[in-house]
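Each remark here refers to the structure printed beneath this line.
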Amino acid sequence: MARTHEPVAVLGIGAMGHGMAASALRAGIPTIVWNRRMEATRELAELGADVAETAADAARRAAIVVTMVTDADAVISIAGDQGMLAALAPGAVWAQMSTIGVAGPTASWQWPVPSVRT
């Protein structure tokens, strides 16, 4: 039986996000990438990644969304202001991997949980 993989989205294509996305691609996992500077996604696109135009678009299409960005403000912006949380599909997993200290998670606890869409 062939293994199938759910798509993963990696938001934030710096050194760590690039490495995570490249590893997923090497493992045969369908990978969607997004970065505020699109040129950072070019090499991953050449390796087979699908480049999303927005963070919300990437989240909408993935079963697992990884955020690996610079600071808490960027996490809050992507998750809330840019619509990533609202775009998550029912059952999707958000893995927030950025090093953001205590302030970021504390702020995230204030966010409303997206309602389940049917």
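The values are calculated or read from the model by the stated rules, or taken from the named source; none is laboratory data. A quick note: this is a predicted structure, and the numbers were derived from the prediction, not measured. Don't worry about glycine lacking a Cβ; one is built from the backbone with ideal geometry, like all the others, and counts go over all protein chains shown.
For beta carbons closer than 7 Å, sequence separation of 6+ or different chains, a first residue in segment 85-110 that is within 11 Å of Val65 (Cα to Cα) and a second that is at pLDDT below 90, the qualifying pairs are Leu85/Trp111; Leu85/Pro114; Leu88/Pro114.
Among the listed residues Ala79, Ala62, which satisfies the condition of being assigned to a helix (DSSP H, G or I) and surrounded by 15 or more Cβ atoms within 10 Å (Cβ to Cβ)? Let's see the steps before the verdict.
Working: Ala62 fails: assigned to a helix (DSSP H, G or I).
Checking each option against the conditions leaves just Ala79.
Selection over segment 82-118 of residues that are over 14 Å from Ala9 (Cβ atoms) and either outside any helix (DSSP H, G or I) or modelled with pLDDT under 90 (or both) gives a count of 23.
Of everything in segment 65-76, what is touching a residue at least 12 places away in the same chain (Cβ under 8 Å) and either buried (at least 18 other Cβ atoms within 10 Å of the Cβ) or acidic (Asp, Glu) (or both)? Give them in sequence order. Don't jump to the end; show me each part of the working.
Step one: filter segment 65-76 for residues touching a residue at least 12 places away in the same chain (Cβ under 8 Å), giving 65-72, 74-76.
Passing the criteria: Val65, Val66, Thr67, Met68, Val69, Asp71, Ala72, Ala74, Val75, Ile76.
Does any residue of segment 40-57 turn out to be assigned to a strand (DSSP E or B) and either in contact with a helix residue (DSSP H, G or I) (Cβ under 9 Å, 6 or more places away or on another chain) or not hydrophobic (A, V, I, L, M, F, W, C) (or both)? Yes: one or more hits. Does Ile76 fit the bill of being over 20 Å from His5 (Cβ atoms), aliphatic (A, V, I, L, M) and in contact with an Asp or Glu (Cβ under 7 Å, 6 or more places away or on another chain)? In short, no. Screening Val69 with (1) closer than 22 Å to Glu6 by Cα; (2) outside any helix (DSSP H, G or I) gives one miss only, at (1).
For the condition over 13 Å from the mean Cα position of the chain (by Cα), at pLDDT 95 or above and either within 23 Å of Asp71 (Cβ to Cβ) or of a type in the set (A, V, I, L, M, F, W, C) (or both), what is the one hit in Ala45, Ala24, Ala9, Ala52? Before the answer, list the steps.
On the way: Ala24 fails: over 13 Å from the mean Cα position of the chain (by Cα); Ala9 fails: over 13 Å from the mean Cα position of the chain (by Cα); Ala52 fails: over 13 Å from the mean Cα position of the chain (by Cα).
Answer to the check: Ala45.
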